[in-house]
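Engineer: What follows is a structure written as structure tokens; I'll ask about it next.
The values are calculated or read from the model by the stated rules, or taken from the named source; none is laboratory data. Since we're looking at a predicted model, the values are computed, not measured. Every residue, glycine among them, receives a Cβ derived from its backbone with ideal geometry; neighbour counts consider all protein chains shown. The accessibility values were calculated without ligands, DNA or RNA, using every heavy atom of the protein model including side chains. Shrake-Rupley method; radii C 1.70, N 1.55, O 1.52, S 1.80 Å.
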Amino acid sequence: MTLSLTWLLVLTVCSANGKCVSQEIDQFNDHLTCTEARFEHETLPQDGDWKTVVYKCKLKNGMAT
């Protein structure tokens with residue numbers, strides 16, 4: 001039996017007042033592909049006046065530590 005993991009590319013933006021919003025950008029079958037997509041997205045120009053913009057690869061249904 002092969003375990004299939006799904007990686008999510010998630011975007012989180014935070015405003016100057018500390019309010020943050022997250023959104024799923026895409027899904028991938030392996031961490032390397034997700035990381036490559038994260039690097040590509042990080043090079044795109046930002047839209048909006050965000051204090052922070054963070055792209056992160058996370059396991060779907062994974063637990064945070």
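Engineer: Return the pairs, sorted by first residue and then second, in which the second residue is open to solvent by less than 70 Å² (accessible area, probe 1.4 Å) and among the polar types (S, T, N, Q), the first residue lies in the stretch 36-65 and is under 13 Å from Leu9 (Cβ atoms), the beta carbons are less than 6 Å apart, and the residues are 6+ apart or on different chains.
Structural biologist: Filtered contacts from the stretch 36-65: Val54/Thr12; Cys57/Thr35; Lys60/Thr6.
Engineer: OK, next. Quick one: would you say Gln23 is surrounded by fewer than 10 Cβ atoms within 10 Å (Cβ to Cβ), at pLDDT 95 or above and outside any helix (DSSP H, G or I)? Steps first, answer last, please.
Structural biologist: On the way: surrounded by fewer than 10 Cβ atoms within 10 Å (Cβ to Cβ): yes; at pLDDT 95 or above: yes; outside any helix (DSSP H, G or I): yes.
In short, yes.
Engineer: Let me ask you something else. Could you grab me the full set of residues in the stretch 6-20 that are surrounded by 15 or more Cβ atoms within 10 Å (Cβ to Cβ) and either β-branched (Val, Ile, Thr) or over 14 Å from Val54 (Cα atoms) (or both)?
Structural biologist: Taking the stretch 6-20 first, the residues surrounded by 15 or more Cβ atoms within 10 Å (Cβ to Cβ) are 7-11, 13-14.
Within the stretch 6-20, Trp7, Val10, Val13 qualify.
Engineer: Determine whether the stretch 36-45 contains at least one residue that is part of a strand (DSSP E or B) and β-branched (Val, Ile, Thr).
Structural biologist: no
Engineer: Can you tell me which residues in the stretch 1-20 are within 15 Å of Gly62 (Cβ to Cβ), assigned to a strand (DSSP E or B) and touching a helix residue (DSSP H, G or I) at 6+ places or on another chain (Cβ under 9 Å)? First the steps, then the outcome.
Structural biologist: Here is the first cut: in the stretch 1-20, the ones within 15 Å of Gly62 (Cβ to Cβ) are 3-10.
Pick out the ones that are also assigned to a strand (DSSP E or B) and you get 7-10.
If the condition is that a residue be within 15 Å of Gly62 (Cβ to Cβ), assigned to a strand (DSSP E or B) and touching a helix residue (DSSP H, G or I) at 6+ places or on another chain (Cβ under 9 Å), then Trp7, Leu8, Leu9 are the ones that fit.
Engineer: Restricted to the stretch 19-51, and to residues that are under 13 Å from the mean Cα position of the chain (by Cα) and of a type in the set (S, T, N, Q), which residue is nearest to Thr6 (Cα to Cα)?
Structural biologist: Gln27
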